[in-house]
Structures are given as C-alpha cells and as structure tokens.
Amino acid sequence: MRHRKAGLKLNRTSSHRKAMFRNMVTSLFKYERIHTTDAKAKELRRWADHLITLAKQGDLHARRLALSIMREKNLVYKLFDEASDRFGAIAGGYTRVVKSGRRPGDAAPISIVELISSEKSKKKKTKKKTKTAEKGKKQVAQEQKASDAKKEISDKKTEKKKRLPAASGAKSKLDTSAATSAKAVKGKDKTDVKPKPKVDAENPEQKE
C-alpha cells in the first residue's frame, strides 16, 4: 500500500524522473507554456506550485531550494522578483492544464500546461488599454481641429478670389473712363489752326 507517497513513477527510475521534471519546470517558467502528455502535465503542476510558493516566501532558504531544482539561475531571480506581484492574490492553482487531443503515432493524450496570471495584471492591462484609447481620441480630436482650421483658411481664400475679379472690373472701368476724359481734354486744348499758304519768292502778289 502506498499511503503518504504522492507522485507518479511513470515507469522511470527516481533519478530519471527527477531530472525530467527539473527540465520541464525550467521550460515552463521560461516559456510559460509547454506541451506534454496528460500524466506528466498533472505531475508537473505539483513541481510548479511548489516553486511558486517558495518564490512567494522570498527568503534566502527558499531561494536556495529553488536553485537546487531549477536549471537556470536567471529564471529563479526572475521568478522571485515577479512572484509577489503576479501570484500574490492567488492562494494555489498557479497553473492550468488544457487537453489538446492525441499525439500522432502512438495516440498518447497531449495537454498544454501554462501559468495563470492574477486579476491585478489583467486590470493593469485594461488600464493601459484605456489610456491608449484616450490618447487615440485626443489625437483624433486634434486632427479634426487642424482639418477644420485648414477648411476655414481655404474658404477665406476662395472668398477673396471671388471678390478680386469684381474689384478689378470696377478698376478697369474707372481706368477706361479716365482715359477717355483725358483724351477729350487734350482734344479741347488743341485749337484748329489753319495752315499758312506757302508764298513763292517769284510771285510777290500772293503776299497781298
């Protein structure tokens, strides 16, 4: 009888089983989602939850225990830095197992193991989205104002262009009338002077 002996053997030796789950846990925290068989996925949850509880403790002893399990130090430092913010509001159940069908070849049932984010992170994401939406609305309003100003300027220019031909026509009429009046005055100033008859030196009688 296997009382108080949790865990699956998976038809492997203890050393092989521990090495396999250490690799799988490091891959899970590195990529936050992995594909594996159903039996391994269910057993992997125990390892991941244990590491997250150690990270939430945050003391030196917990850090050393996590370093003895995980393969990469950088992932341990990242986990201990983000655990309180990401998993602080959750008391267990840090992973999710989703069945994704069967593997071609041996038809083994395959599942997806992924980490769950807390509600705070979701709220932060929604706040960021609302901020971006507000920025987009402000940009649209500014663009509308700029387009309205351009339209007003173009309308004023068209009105000026319409007024200019009428003014130019009036000026041309005034200029023509002034020119005609000046010609008339010049004509009045000129008196009709009859040309003097030519006098020949041979005929002095013409002078009389």
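Worth pointing out:
- Pairs of lysine residues in the stretch 1-116 that meet both criteria, 8 or more places apart or on different chains and Cα atoms under 16 Å apart, total 12.
- Approximate spin-label separation Arg163-Met20, in nm, with each point projected 7 Å along Cα-to-Cβ: 9.0
- A compact globular protein would have a Cα radius of gyration near 2.2 N^0.38 Å; the ratio found for the stretch 14-123 is 1.10.
- The mean sequence distance of close C-alpha pairs (under 8 Å, at least 6 residues apart), as a share of the length of the stretch 14-123, puts its relative contact order at 33 percent.
- Point-charge dipole on Cβ atoms (K/R +1, D/E -1) for the stretch 14-123, about Cα centre, debye to 20: 160
- Stretch gain in nm, segment Gln142-Ala91, where the contour uses 0.36 nm per residue and the Cα spacing is subtracted: 13.7 nm
- Modelled label reach - Glu114, point 7 Å along Cα→Cβ, the stretch 27-59 residues with backbone N closer than 16 Å: 28-36
Every number in this text was worked out from the coordinates using simple rules, so none of it is lab data. Note that the structure is predicted; figures quoted are calculated from it, not measured. Positions of Cβ are generated from backbone atoms using ideal geometry, with glycine treated the same way; all protein chains shown enter the neighbour counts.
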